[in-house]
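Input: a single structure, listed below in structure tokens.
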Amino acid sequence: MPTITYIQPDGAELTLDASPETSVMRAAVNAGVPGIVGECGGQAMCATCHVYVSPNSLEGLPEINDEEDEMLECTSAPRDPERSRLGCQISCGPRASLVVEVPAGQV
Amino acid sequence: MTGQDKAPGHVVVVGAGQAGVQLVDSLRAGGYRGRLTLLSRESERPYQRPPLSKDFVVGGRDAEPLRLRGESFFEDVGVGARWGVSAVAIDRSGQRVRTSAGDWMTYDALVLATGADSRGLGIPGEHLAGVHRLRTLDDARDASGGLESARQVVVVGAGFIGLEFAAGARARGLDVTVVSPTARPLRRSVTPAVSAYLTERQELDGVRFELSEGVAALSGGDDDAGRVAAVVLTSGRTLPADLVVVGVGVTPASALAAEAGVAIEGDGGIAVDGSLRTSDSAIFAIGDCASFPSLHAGRRMRLESVQNATDHARHAAAVLLGQDPGPYAELPWFWSHQGKVKLQIAGLSRPGVSTVLRGDPASGKFSVFAFDDGELVSVESVNSPADHLAARRLLAAGAALSPDEAADLAFDLKAYSRAAPVPA
Ligand SMILES: Cc1cc2nc3c(=O)[nH]c(=O)nc-3n(C[C@H](O)[C@H](O)[C@H](O)COP(=O)(O)OP(=O)(O)OC[C@H]3O[C@@H](n4cnc5c(N)ncnc54)[C@H](O)[C@@H]3O)c2cc1C
Ligand code: FES
């Protein structure tokens, strides 16, 4: 099974097994990863699942659509032009692993 | 932490839904070190309700629920959670609650986050097999499982939950009819333009509507009298149905408070002030069950939304932590997903508002801006998240916007809203 690694602002890391379709948000919420809230249940409506994708994991992720782009404009932690994504809109897909950093705040 | 010494020694929270769970989270995150107990009638680990009428309908009985927190969250942050244990009585003078397990728990502060229960129709046949409501995970599993063998679905009530379920059932190729006593769907929730658009979209997808029509009875089949086979309308006509979903609104779960003599509002909600405190200063009420003074509506009201539940919870936590956050003033917002239509609402519409359109409904992307006496009060956006977010910023900041600016696509709403002062 592919894995998703979450790196906290203090450097703490947690790696979870996740099926290829399971979103970064869903895997995190179900496992209780701190700092990922997912208040809208993955509808790209709340921006409380914001993550910074680690540079090595960026390739091959789905494009940011208009909706996600808009939501990324109102995240609590600053948007990174390259690395900011909504956790509910990305998953491992065919890759073996995905590494994301959790921002300092979501609400 | 500010005012920590003022924080109560034992906080008991009743209800582990969106509001109750956020409250215990915010209390601990805010540095509360006292004892914290969470009583939950459901034995299920807390989950999100919005997907129950959306992803679940399409995903079937085995769709994975989305949990509110991880498995070990409550233990990790030090919450004494009691799953499957209800609060059954409050002894206010003794500051204690009796639980369904038979014991009494004393509290220094009690938070009622009991939510709401789906309303029934009060008509014959309501308890036949194949008739569902949609409030709990079990409800959703039953209804969704029922769709696997259903062909003709009747949804009673044209509110958000009913319309979402209808869209999902239709997407599974079933025959779907929505019956509503009102002349237009979502009459109480959205402006006529949006309600007309949503109805038309569903009709184009093949959902039928029986509007201004009530339901007199549900009747069983000839071969199986215990299972629903038809819906009898008040006009006398009959619709064949092998699965019925009743989505006619909710009743706030305020009985526990009422029986203890805590003040209840005319809307059935537990009356709270701007600190979300009830008529008993040691008892708070938050989320669906609370009737609160809304700054944005200019009146007292009850709201049923994730935003309301979580913002109430954060506010009550701040009050309990002694942080003196001032009166509750968060901007209400809401979303609904019906098939391919994504509706987002910022603010609260009022009777008698005047509206302007931004964008063309025929394009499938537009927003309705509602003004009351020149003041922007709400914005409903269809497949237009940019408008929604701009609206949220403008409404939260109380920034001025004219109807002409709202309607003018050349007016850069996003840039303008960015310049609006962001409230703390
Ligand atoms: C099908 C469905 C779809 C929805 N879709 C959306 C949406 O798209 N967007 C949106 O913003 N909102 C939506 N909502 C509304 C949103 O889910 C609610 O507003 C929110 O869950 C309210 O949270 P709450 O904590 O106040 O109440 P609840 O989530 O109802 O939680 C209350 C809990 O308290 C428990 N309880 C009650 N009495 C007692 C007692 N005496 N002792 C112990 N426990 C008790 C109940 O069993 C329940 O578990 C939807 C709701 C439903 C049902
Ligand atoms: S969960 Fe709300 S935007 Fe991702």
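The values are calculated or read from the model by the stated rules, or taken from the named source; none is laboratory data. Remember, it's a predicted structure, so these values are computed and weren't measured experimentally. When we count neighbours, we look across all protein chains shown, and the Cβ atoms used for this are built from the backbone with ideal geometry, even at glycine. The accessibility values were calculated without ligands, DNA or RNA, using every heavy atom of the protein model including side chains. Shrake-Rupley method; radii C 1.70, N 1.55, O 1.52, S 1.80 Å.
A compact table of results
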item: Averaged over B:306-312, number of beta-carbon atoms from partner chains that fall within 10 Å; result: 2
item: Projected label distance in nm at B:Glu148 and B:Asp360, using a 7 Å step from Cα toward the beta-carbon; result: 4.6
item: Per-peptide average of other Cβ atoms within 10 Å, ordering B:220-228, A:85-93, B:349-357 highest first; result: A:85-93, B:349-357, B:220-228
item: Peptides B:276-288, B:75-87, B:407-419 ordered by average Cβ neighbours within 10 Å, highest first; result: B:276-288, B:75-87, B:407-419
item: Within chain B, helix-based [θ] at 222 nm, where runs of 4 or more DSSP H residues each add -39,500 (n - 2.57), nearest 500; result: -7000 deg cm²/dmol
item: Relative contact order (percent, whole number), the stretch B:309-397, Cα cutoff 8 Å, 6+ residue spacing; result: 24
item: Efficiency of FRET from Cβ geometry, A:Asp66 and B:Arg299, R₀ 35 Å, rounded to 0.05; result: 0.45
item: Surface accessible to a 1.4 Å probe, per residue, for the residues of the protein assembly as shown, Å²; result: 41
item: Scaled radius of gyration (Cα, divided by 2.2 N^0.38 Å) that the stretch B:35-91 gives; result: 1.38
item: Cross-link table B:Lys54/B:Lys414; B:Lys365/B:Lys414; B:Lys342/B:Lys365, entries beyond 19 Å C-alpha to C-alpha; result: B:Lys54/B:Lys414
item: Centroid-to-centroid separation of the stretch A:1-68 and the stretch B:183-200 [C-alpha atoms, Å]; result: 35
item: Contour excess over end-to-end distance, with Cα ends at B:His127 and B:Ser281 and 0.36 nm allotted per residue; result: 51.4 nm
item: Sum of -39500 (n - 2.57) over DSSP H runs of 4+, divided by residues of chain A (222 nm, nearest 500); result: -3500 deg cm²/dmol
item: Normalised alpha carbon radius of gyration of the stretch B:225-360 [divisor 2.2 N^0.38 Å]; result: 1.37
item: Percentage of interatomic Cα-Cα distances in the protein assembly as shown larger than 34 Å; result: 40
item: Interface size B-A, as summed buried accessible area [1.4 Å probe, Å², nearest 100]; result: 2100
item: Tensor-based shape of chain B (alpha-carbon gyration tensor, a/c under 1.5 rounded, otherwise prolate or oblate); result: oblate
item: Extreme residue, positive dipole direction of the protein assembly as shown, given options A:Gly41, A:Gly105, B:Ala271 (C-beta unit charges); result: B:Ala271
item: Computed E for B:Val88/B:Asp108 - FRET, C-beta separation, R0 30 angstrom, nearest 0.05; result: 0.90
item: Shape category assigned to the stretch B:340-419 from the gyration tensor of Cα positions, a/c cut at 1.5; result: rounded
item: Net charge of Cβ neighbours under 15 Å - reference B:Arg45; Lys, Arg +1; Asp, Glu -1; result: -1
item: For B:65-75, mean number of other protein chain Cβ atoms within 10 Å; result: 4
item: For the protein assembly as shown, size of Cβ-based charge dipole, Lys and Arg +1, Asp and Glu -1, in debye; result: 820
item: Mean-position separation - Cα centroids, the stretch B:269-283 and the stretch B:8-67, in angstrom; result: 21
item: Measure of compaction for the stretch B:1-100 (Cα Rg per 2.2 N^0.38 Å); result: 1.24
item: Cα lying deepest toward the dipole's positive end in chain B, options B:Phe165, B:Pro403, B:Trp104, charges on Cβ; result: B:Trp104
item: Cα coordinate range in chain A, projected on the principal axes (Å, largest first); result: 32, 28, 25
item: For residues of B:18-29, the mean tally of beta carbons on other chains within 10 Å; result: 1
item: Kirkwood Rh, angstrom, the stretch B:325-368 [1 / mean 1/r, Cα pairs]; result: 12.9
item: Computed FRET value (nearest 0.05) for B:Ala258 with B:Ala29, which takes r as the C-beta separation and R₀ as 45 Å; result: 0.90
item: Ordering of B:7-19, B:315-327 by burial proxy (mean other Cβ atoms within 10 Å per residue, highest first); result: B:7-19, B:315-327
item: Length-normalised contact order for chain A - Cα pairs under 8 Å, 6+ apart - percent; result: 41
item: Leading residue at positive end of dipole, the protein assembly as shown (Cβ point charges), from B:Val228, B:Pro351, B:Gly94; result: B:Gly94
item: Apportionment of accessible area to carbon and sulfur, chain A, percent (1.4 Å); result: 49
item: Given charges at beta-carbon only (K, R positive; D, E negative), |dipole| of the stretch B:165-276 in Debye; result: 340
item: Radius of gyration, Dmax [the stretch B:62-102; alpha carbons; angstrom]; result: 14.7, 46
